[in-house]
1. When both residues are 6+ apart or on different chains and their Cβ atoms are under 8 Å apart, which pairs have a first residue that lies in the stretch 31-60 and is more than 15 Å from Ala97 (Cα to Cα), and a second that is surrounded by 10 or more Cβ atoms within 10 Å (Cβ to Cβ) and among the small types (Gly, Ala, Ser)?
2. Somewhere in the stretch 32-43, is a residue surrounded by 12 or more Cβ atoms within 10 Å (Cβ to Cβ) and modelled with pLDDT under 60?
3. Just a yes or no: is a residue in the stretch 46-57 at pLDDT below 95, exposed (fewer than 15 other Cβ atoms within 10 Å of the Cβ) and part of a loop (DSSP other than H, G, I, E, B)?
4. Quick check on the stretch 58-79: of everything there that is within 10 Å of Phe95 (Cα to Cα) and under 12 Å from the mean Cα position of the chain (by Cα), which residue is surrounded by the fewest Cβ atoms within 10 Å (Cβ to Cβ)?
5. Is there any pair linking a residue in the stretch 64-92 that is closer than 17 Å to Pro34 by Cα to one that is aliphatic (A, V, I, L, M) and part of a loop (DSSP other than H, G, I, E, B), with Cβ under 7 Å and at least six apart or on different chains, and which?
Amino acid sequence: MLRASAIALVTLAAGGSAVVAHDHWINSGAYRSPLDQSRCCGDNDCFLVPDAQVRVDGGSYVLAGGEVIPMKEAQVSEDGKYWRCKRPDGSRRCFFAPRGGV
């Protein structure tokens with residue numbers, strides 16, 4: 001019994017960010033990609049992006065890996081955090097940023 005609880009806790013901790021997105025506001029808000037109108041949130045495809053990995057450069061958000069996201073393609077994050085939702089091939093489906101981009 002204790003072993004099963006420990007496994008469940010580790011599993012929850014490992015996938016926590018994606019689970020929160022699906023059980024909370026991204027999925028329940030039925031957000032759609034501004035690029036192709038597909039649903040932003042599917043199984044395990046939305047992830048929290050730490051503030052330190054995002055910078056604002058002119059009219060775009062630049063992620064630590066070099067991805068540039070025009071501000072007009074970003075949606076307002078309900079929880080004030082950055083989120084990136086991806087397609088199965090890893091390309092961006094949706095990006096959420098805090099109001100004001102800060």
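The values are calculated or read from the model by the stated rules, or taken from the named source; none is laboratory data. As the structure is a prediction and not an experimental result, all values here were calculated from the model. Because the Cβ atoms are built from the backbone with ideal geometry, glycine has one as well, and the counts that use them run over all protein chains shown.
1. Within 8 Å, the pairs are Arg39/Ser33; Cys41/Ala21; Asn44/Gly15; Asn44/Ala18; Asp45/Ala18.
2. No - not one qualifying residue is present in the stretch 32-43.
3. no
4. Ranking the qualifying residues of the stretch 58-79, first place goes to Val76.
5. Every condition considered, the pairs that remain are Glu73/Leu35.
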